[in-house]
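One structure below.
The values are calculated or read from the model by the stated rules, or taken from the named source; none is laboratory data. The shown structure was predicted, so the numbers you read here are calculated from the model rather than taken from an experiment. In this analysis, Cβ positions are derived from the backbone assuming ideal geometry, glycine residues included, and neighbour counts consider all displayed protein chains. These area figures cover heavy atoms from the full protein model, side chains too; ligands, DNA and RNA do not enter into them. Shrake-Rupley method; radii C 1.70, N 1.55, O 1.52, S 1.80 Å.
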Amino acid sequence: MKIGRAASLTDTGRRRLRNEDAFVFEPPLFAIADGMGGARAGEVAAGIAAVALKDGRQHVDGEESLEAIIAEANRLVWERSVADPTTAGMGTTITVAFVDAPASQVVFGHVGDSRAYRLRDGILEQITTDHSLVAELVRTGVLTPEEAERHPQRSAITRAVGTERAIDADVFTVPAEPGDLVLICSDGLTDMLSEAEIAAAIVGADADPERAAEALVAAANAQGGEDNITVVLFELVEGEPGSEPEPEPEPEPAAGPETTIEPTPDADGDAGVRRHGAGSGGRAAAIGLIALVVVVGLLALYWGIGR
Ligand code: MN
């Protein structure tokens with residue numbers, strides 16, 4: 001088994017002025033980060049995390065080493081937020097996929113509410129578990145999945161990279177088969193599209209990663225595009241591991257509030273962070289508001305019963 005075609009796309013969406021998502025496209029390692037925090041802090045957090053994952057990718061060979069580079073990303077975001085008051089409290093989600101082709105498996109690392117999905121035989125399956133308030137409320141039976149999709153606090157996450165000194169990441173390994181297609185994405189996609197709509201967009205693009213990426217972003221924007229939308233897709237195919245083309249080296253982008261990394265048009269060599277957008281805006285920091293949000297959740301339940 002080896003990695004076949006792969007593609008990535010990030011889009012500011014139709015409501016936000018800035019794109020605070022970042023991604024890493026460094027086969028066999030792929031990742032996305034969705035930053036949160038006031039002013040430009042979310043963008044800073046996602047950028048630092050993405051650069052940390054990119055820098056650490058050479059050391060990744062399995063779960064333990066993947067966990068280690070996530071811990072390093074957490075340390076770098078945390079230390080910056082402590083040192084720089086304008087970024088206090090910032091954080092980011094991370095969803096990472098490392099393809100261990102010789103072992104026919106994919107190792108995932110995950111914190112927050114970005115997601116990984118696998119499309120196999122036309123069936124889309126969510127691989128990650130959201131670390132979000134609404135996901136907790138669904139698990140405990142307070143909300144139905146349908147109520148969670150429309151919940152006003154659906155962006156409230158219960159774990160994030162960089163908000164605390166220590167990080168608790170989900171790291172796990174999933175067996176892979178030739179023909180699998182993996183999607184990792186930010187909530188700007190999954191808040192706008194149902195699982196069925198995501199599957200339909202990919203299948204409608206003949207599971208071609210590049211066409212599917214464009215179709216997914218277009219569909220999320222057509223549904224409102226309320227948040228930044230980032231997708232990374234790769235397929236697994238028959239073949240000798242290691243025969244994939246190596247990503248071309250490029251200058252390391254520096255992470256920081258004054259850094260703007262322009263989008264690169266080529267899908268093949270665009271390793272690293274790609275962002276665009278200008279202005280201000282951002283995702284509300286949710287950590288610490290859990291008690292308040294539980295009340296909102298209970299109100300939603302009450303309304304559900306009342307109707
Ligand atoms: Mn988002």
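May I ask you to list the residues in the range 201-227 that are away from the ligand (no atom under 16 Å from the Cβ) and open to solvent by less than 10 Å² (accessible area, probe 1.4 Å)?
Those that are away from the ligand (no atom under 16 Å from the Cβ) and open to solvent by less than 10 Å² (accessible area, probe 1.4 Å): 202, 205, 209, 212, 213.
Can you work out which of the residues in the range 98-115 that are open to solvent by less than 10 Å² (accessible area, probe 1.4 Å) and under 22 Å from residue 77 (Cβ atoms) is farthest from the ligand (Cβ to nearest atom)?
For the range 98-115, the residue satisfying everything is 107.
As an exercise: evaluate residue 95 against (1) open to solvent by 10 Å² or more (accessible area, probe 1.4 Å); (2) within 16 Å of the ligand (Cβ to nearest atom); (3) of a type in the set (S, T, N, Q) and give the number of the one condition it does not meet.
Of the numbered conditions (1) open to solvent by 10 Å² or more (accessible area, probe 1.4 Å); (2) within 16 Å of the ligand (Cβ to nearest atom); (3) of a type in the set (S, T, N, Q), the odd one out for residue 95 is (1).
Scan 140, 158 and give me the residue that is of a type in the set (S, T, N, Q) and without any contact (Cβ under 8 Å) to a residue 12 or more places away in the chain.
Just a single option satisfies the conditions, and that option is 140.
Any idea which residue in the range 181-200 is nearest to residue 236 (Cα to Cα), counting only those that are open to solvent by 10 Å² or more (accessible area, probe 1.4 Å) and within 10 Å of the ligand (Cβ to nearest atom)?
Filtering first and then ranking leaves 190.
Have a look at 43, 64 and point out the one that is more than 15 Å from the ligand (Cβ to nearest atom) and either part of a helix (DSSP H, G or I) or of a type outside the set (Gly, Ala, Ser) (or both).
Matching residue, one of 43, 64: 64.
Starting from the range 185-213, keep only residues that are touching a residue at least 60 places away in the same chain (Cβ under 8 Å) and acidic (Asp, Glu), then list their pairs with residues that are open to solvent by 10 Å² or more (accessible area, probe 1.4 Å) and more than 11 Å from the ligand (Cβ to nearest atom) whose Cβ atoms are within a distance under 6 Å, requiring at least 6 positions of separation or different chains.
Every condition considered, the pairs that remain are 195/124; 210/267.
Give me a count of the residues in the range 143-163 that are over 19 Å from the mean Cα position of the chain (by Cα) and open to solvent by 30 Å² or more (accessible area, probe 1.4 Å).
6
Are any residues in the range 1-38 within 16 Å of the ligand (Cβ to nearest atom) and not in a strand (DSSP E or B), and if so, which ones?
Matches in the range 1-38: 12, 13, 14, 15, 16, 17, 18, 19, 20, 37, 38.
Counting only residues that are modelled with pLDDT under 95 and surrounded by 24 or more Cβ atoms within 10 Å (Cβ to Cβ), which one in the range 16-40 is farthest from residue 226 (Cα to Cα)?
37
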